[in-house]
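Engineer: Encoded as C-alpha cells, here's the structure I'll be asking about.
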Amino acid sequence: MLRTFCRTSGALLKHSQRSVPTVPALWATHAQQRWASSLPMNTVVLFVPQQESWVVERMGRFHRILEPGLNFLIPILDKIRYVQSLKEIVIDVPEQSAVSLDNVTLQIDGVLYLRILDPFKASYGVEDPEYAVTQLAQTTMRSELGKLTLDKVFRERETLNTNIVHSINQASDDWGIRCLRYEIKDIHVPPRVKESMQMQVEAERKKRATVLESEGHKEAAINVAEGCKQAQILASEGEKTEQINKAAGEANALLAKAQAKAKAIRLLSEALAEQNGNAAASLSVAEQYVSAFANLAKESNTILLPSNSGDISGMVAQAMSIYGSLAKQSTMKVESVSSLSPKWAIDEESEKPAQ
C-alpha cells in the first residue's frame, strides 16, 4: 500500500517537477531524456531502480546519493535534485565539416558510447553533460582529422577513433563521464575529389597490371635463358663423354693391335727357329716384294725403282743376307750372356757363408 501511494503521489506531481528552473531546458529533447528522467517526489519511502543514482540535496546543499533499493528521506528538507543513469549511453554526433592535412573538406559524423562513473561530478561538474561531450567529440574529431591526409583518414580509421576517445577522456575526467569508444559512421567526400580518387584507383590497378605483366615477361625470359644454359651444359657434357669414350676406344684398339703384333712377332720368331724357317721367310719376303711393285703406280705417277728391279731372286737373296746378319748378331749376344752365367753362379756360391 505504501509503495502504491508513493507511485501515485509521484505521478500527480510529475508536471510540477518538470517546471523546476534548475533542470536545463535542453534536456527536454527525446534523446536527452535518456540522461535524466522525470524527477521523483520525496515520499519519505523511495525505491531507486537498478542502474540509477538519485542525487539528494538537503536544504539546497548536496546531502547524499541514493543507491538502488529501499531508501528513506525527510520530507520538506530533502529533495531529489538529479537522476543519473549508470547504463551505457549512445549519442549520435551530428555531421560536421572538417579539413584534412592536404586541404580536402570532409563531411563526417559518428557515434559516441559513454557511461557515467561518478554521479556527483556528472551533476555538479557540468551543466549539460550530453551537450558538453558532443561538442568535445566534434572539436576533437576536427583536430585529429587536421593531422591526417585524405588517404590516411581511410586507412587509419581505427587509430583515429582511438585518438578521439583518448582526447575525450582526458577532458571529461572532471565531469565523471567515461568515453568507452567512438565510431565514425560515414565520411562524405566532395564529388570532384571522389572522381579523382576513382581515377587514382584505376591508375593504380593499371600500374599493377603492367608491373605483373612485365614480371611475367621477365620470368619467362629467365626460364628460357636457364633452359638454354642447361641445354648447352648437357650438350657439352655429352660431347665430353663422347670424346672420352672415343679416346678410350682408340687406346684399347691400339693396345689390342700392339698385343696382336707382338704375338705375331713372337709366333714368327718361333717359326723361324724351326726347320726350314729361312725358306719360309724367303717366300714371305718375295711375296711382299711382288705385292709392293703391284701397288706402285696406283697412288702416284712418280715411281722410284731400283736398278735390278727385274731380278727378284737377287732382291730376295739380298733381303735374306740382311736377315741372316741380324740373326747372327742376336745369336752372338745370347752366347756371350750364357758364357757369363757360370761365373755368376760361382760368385754366388763363394759368397754364401760356410755351414
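Engineer: So the check is Cβ under 8 Å with 6+ separation or different chains; which pairs have a first residue in the range 94-119 that's at negative phi and touching a residue at least 24 places away in the same chain (Cβ under 8 Å) and a second one that's of a type in the set (Phe, Trp, Tyr) and open to solvent by less than 50 Å² (accessible area, probe 1.4 Å)?
Structural biologist: Once the first residue is at negative phi and touching a residue at least 24 places away in the same chain (Cβ under 8 Å) and sits in the range 94-119, its partners that are of a type in the set (Phe, Trp, Tyr) and open to solvent by less than 50 Å² (accessible area, probe 1.4 Å) give 110/182; 111/182; 112/182; 113/182; 119/82.
Engineer: Let me ask something additional. Among the residues of the range 43-72, which ones are open to solvent by 40 Å² or more (accessible area, probe 1.4 Å), under 24 Å from residue 89 (Cβ atoms) and either in contact with a helix residue (DSSP H, G or I) (Cβ under 7 Å, 6 or more places away or on another chain) or not acidic (Asp, Glu) (or both)?
Structural biologist: Taking the range 43-72 first, the residues open to solvent by 40 Å² or more (accessible area, probe 1.4 Å) are 44, 47, 49-52, 58-65, 67-68, 70, 72.
From what is left, the residues that are under 24 Å from residue 89 (Cβ atoms) are 47, 49-52, 62, 64-65, 67-68.
Listed by number, the residues that qualify are 47, 49, 50, 51, 62, 64, 65, 68.
Engineer: For residue 234, all conditions in the list (1) at pLDDT 90 or above; (2) open to solvent by 100 Å² or more (accessible area, probe 1.4 Å); (3) under 30 Å from residue 104 (Cα atoms); (4) of a type in the set (A, V, I, L, M, F, W, C) hold save one; what is the number of the exception?
Structural biologist: Here residue 234 clears every test but (3).
Engineer: In this structure, does residue 270 turn out to be out of contact with any Cys (no Cβ under 7 Å at 6 or more places or on another chain), closer than 30 Å to residue 284 by Cα and of a type in the set (Asp, Glu)?
Structural biologist: Values: out of contact with any Cys (no Cβ under 7 Å at 6 or more places or on another chain): yes; closer than 30 Å to residue 284 by Cα: yes; of a type in the set (Asp, Glu): yes.
For residue 270, the condition - out of contact with any Cys (no Cβ under 7 Å at 6 or more places or on another chain), closer than 30 Å to residue 284 by Cα and of a type in the set (Asp, Glu) - is met.
Engineer: Would it be correct to say that residue 81 is assigned to a strand (DSSP E or B), at pLDDT 85 or above, among the basic types (Lys, Arg) and buried (at least 18 other Cβ atoms within 10 Å of the Cβ)? I'd like the intermediate steps shown before the answer.
Structural biologist: Working: assigned to a strand (DSSP E or B): yes; at pLDDT 85 or above: yes; among the basic types (Lys, Arg): yes; buried (at least 18 other Cβ atoms within 10 Å of the Cβ): yes.
When the stated conditions are applied, residue 81 passes them.
Engineer: Starting from residues that are among the small types (Gly, Ala, Ser) and surrounded by fewer than 19 Cβ atoms within 10 Å (Cβ to Cβ), keep the ones in the range 137-185 and report whichever is farthest from residue 124 (Cα to Cα).
Structural biologist: So the residue we want is 146.
Engineer: Now for a different question. Just to be sure before I move on: is residue 90 buried (at least 17 other Cβ atoms within 10 Å of the Cβ) and either outside any strand (DSSP E or B) or free of Cβ contacts under 8 Å to residues at least 40 places away in the same chain (or both) in the structure I sent?
Structural biologist: The answer is no for residue 90.
Engineer: Could I ask something else about it? Restricting to the range 123-173, count the residues that are small (Gly, Ala, Ser) and part of a loop (DSSP other than H, G, I, E, B).
Structural biologist: Quick first cut of the range 123-173, residues small (Gly, Ala, Ser) only: 123, 125, 132, 137, 143, 146, 167, 171-172.
Adding the requirement that they be part of a loop (DSSP other than H, G, I, E, B) leaves 125, 146.
Residues in the range 123-173 being small (Gly, Ala, Ser) and part of a loop (DSSP other than H, G, I, E, B): 2 in total.
Engineer: Looking only at the range 100-127, count how many residues are closer than 30 Å to residue 155 by Cα and of a type in the set (Val, Ile, Thr).
Structural biologist: Result for the range 100-127: 4.
Engineer: Which one of these does residue 180 not meet: (1) over 30 Å from residue 56 (Cβ atoms); (2) in contact with an Asp or Glu (Cβ under 8 Å, 6 or more places away or on another chain)?
Structural biologist: Answer for residue 180: the failing condition is (1).
The values are calculated or read from the model by the stated rules, or taken from the named source; none is laboratory data. None of the values given here were measured: they were computed from a predicted structure. In this analysis, Cβ positions are derived from the backbone assuming ideal geometry, glycine residues included, and neighbour counts consider all displayed protein chains. Note: accessible area is taken over every heavy atom of the protein model, side chains too, but ligands, DNA and RNA are not part of it. Shrake-Rupley method; radii C 1.70, N 1.55, O 1.52, S 1.80 Å.
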